[in-house]
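The values are calculated or read from the model by the stated rules, or taken from the named source; none is laboratory data. These numbers were taken from a predicted model, which means no experiment stands behind them. Methodologically, a virtual Cβ is constructed for each residue, glycine included, from the backbone with ideal geometry; neighbour enumeration extends over all protein chains shown.
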Amino acid sequence: MSSSQDQAHRLVSDLPAPQDMLFVERGSFRMGSDHHYPEEAPSHRVSVDSFWIDATPVTNGQFKKFIRDTGHVTFAEKKPKAEDYPNALPHLLFAGSLVFAPPRYPVDLRDWSQWWTLMRGANWRHPYGRKSDIHGLDNHPVVHVAYSDALAYAQWAGKDLPTEAEWEFAARGGIDSAEYAWGDEFTPDGKHLANTWQGSFPHENLATDGYERTSPVMSYPPNGYGIYDMIGNVWEWTSDWYTNQHTADARKACCIPENPRGGSEEASYDPNQPEIKIPRKVIKGGSHLCAPNYCRRYRPAARHAEPVDTSTSHVGFRCVIRTGNEKCQSLSVTPQG
Ligand SMILES: [Ca+2]
Ligand SMILES: [Ca+2]
């Protein structure tokens, strides 16, 4: 057991320690950033109650147990219903998921269809399409999970999904306002501390961090709270509806938001595609596809909107158990499925 886990146990000695989870004690921090993408601003102070968080993203091995126990069929394994997608071309209504399939040459970075392919038969068991499998990948994060799949897993495990504020507080590992989860330098002494993308995205994946695709969890050092893989590897679902910017910083200490829960479902629709009414959640942490020339989102403050019905080869999740108030405590005793 690590020293941070020891410390966590001292802090909540009256509670049994959930397996493979770390304790994050209630506190306040500066959420967001004013120095990067507009949706991260404004930086503002918030406070969150105590919670336990999974030490790693949910792995294929853990997800397998959930499927075995519940018979859950993931969103990507089901054929979409035409009535749910009135604008969709009928030939695109098949069971599948978005797979990163990079071109061999530089492409227009404004056109994500150059590297994302909606692939028939791609799902958590077949992350790169029907011919691929997860043999030997039990300790890699599960991918191709839509929001409903992540939530179903959390409920089965007697847990919940983190809010954006909880996720970001945990990712910062006790270093307030730092650029990265480990400090202000991306690669201190030239060392990679997360699985991201080196080279020119999307055609040149140099993998100088050791991994072209997902990596086994715990391949890089944990953050100050002892938590692994918050940054990079896979993006992670949070329970907050997406807003295109944060709320303003409170002028007085009395008015710092406590346990913020994001925006409204209606406000989370994509304003660039008004005809599509699919709400979007916040995902956090960036992935193995985040590259300096395209998406510098390998930072705790970074955030991205993900439609709830979308699953991809680089989005997974992890869970929390709240201890800070009665309402949330009831979530931790949900019977397992
Ligand atoms: Ca990498
Ligand atoms: Ca991550």
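Check whether at least one residue in region 236-256 is within 15 Å of ligand 1 (Cβ to nearest atom), at pLDDT 95 or above and more than 16 Å from the chain's Cα centre (by Cα), and report yes or no. The answer is no; no qualifying residue exists. Against the numbered list (1) modelled with pLDDT of 95 or more; (2) in a loop (DSSP other than H, G, I, E, B), TRP52 comes up short only at (2). Of all the numbered requirements in (1) out of contact with any helix residue (DSSP H, G or I) (no Cβ under 6 Å at 6 or more places or on another chain); (2) crowded, with 24+ Cβ neighbours inside 10 Å; (3) more than 30 Å from PHE29 (Cα to Cα), LYS131 misses one, and that requirement is (2). The set of residues from region 160-172 being crowded, with 24+ Cβ neighbours inside 10 Å and touching a helix residue (DSSP H, G or I) at 6+ places or on another chain (Cβ under 9 Å) comprises just one member, PRO162.
Of everything in region 240-262 that is of a type in the set (Gly, Ala, Ser) and surrounded by 13 or more Cβ atoms within 10 Å (Cβ to Cβ), the residue that is farthest from ASP49 (Cα to Cα) is ALA250. Residue count for region 11-49 satisfying the condition of being part of a helix (DSSP H, G or I) and touching a Cys at 6+ places or on another chain (Cβ under 9 Å): 0.
If I filter region 274-288 down to residues being β-branched (Val, Ile, Thr) and away from ligand 2 (no atom under 16 Å from the Cβ), which single residue comes out as nearest to LEU151 (Cα to Cα)? So that I can check it myself, show each step before the final result.
Of region 274-288, the ones β-branched (Val, Ile, Thr) are 276, 278, 282-283.
Those left that are additionally away from ligand 2 (no atom under 16 Å from the Cβ): 276, 278.
On the way: ILE276: 23, ILE278: 17 Å.
The extreme case among them is ILE278.
Say whether the condition of being in contact with an Asp or Glu (Cβ under 6 Å, 6 or more places away or on another chain) and surrounded by 14 or more Cβ atoms within 10 Å (Cβ to Cβ) is met by at least one residue in region 263-275. Please lay out each step first, then the result.
Going through region 263-275, the residues in contact with an Asp or Glu (Cβ under 6 Å, 6 or more places away or on another chain) turn out to be none.
No, there is no match, as no residue in region 263-275 is in contact with an Asp or Glu (Cβ under 6 Å, 6 or more places away or on another chain) and surrounded by 14 or more Cβ atoms within 10 Å (Cβ to Cβ).
Each residue in region 238-273 was checked for being within 23 Å of GLY286 (Cα to Cα), touching a strand residue (DSSP E or B) at 6+ places or on another chain (Cβ under 6 Å) and either in a strand (DSSP E or B) or within 16 Å of ligand 2 (Cβ to nearest atom) (or both), and 4 pass.
Candidates in region 183-216 are the residues that are of a type in the set (A, V, I, L, M) and out of contact with any Phe, Trp or Tyr (no Cβ under 6 Å at 6 or more places or on another chain); of these, the one that is nearest to GLY285 (Cα to Cα) is ALA207.
Tally time: how many residues in region 163-182 are farther than 23 Å from PRO216 by Cα and not in a loop (DSSP other than H, G, I, E, B)?
Initially, region 163-182 is screened for residues farther than 23 Å from PRO216 by Cα, giving 163-166, 169, 174-179.
If we keep only those that are not in a loop (DSSP other than H, G, I, E, B) too, we end up with 164-166, 169.
Total satisfying the criteria: 4.
Taking each residue of region 189-201 that is modelled with pLDDT of 95 or more and looking for partners that are crowded, with 20+ Cβ neighbours inside 10 Å and not in a loop (DSSP other than H, G, I, E, B) with beta-carbon atoms closer than 8 Å, six or more apart or interchain, yields LEU193/TYR180; ALA194/GLY232; ASN195/GLY232; THR196/GLY232.
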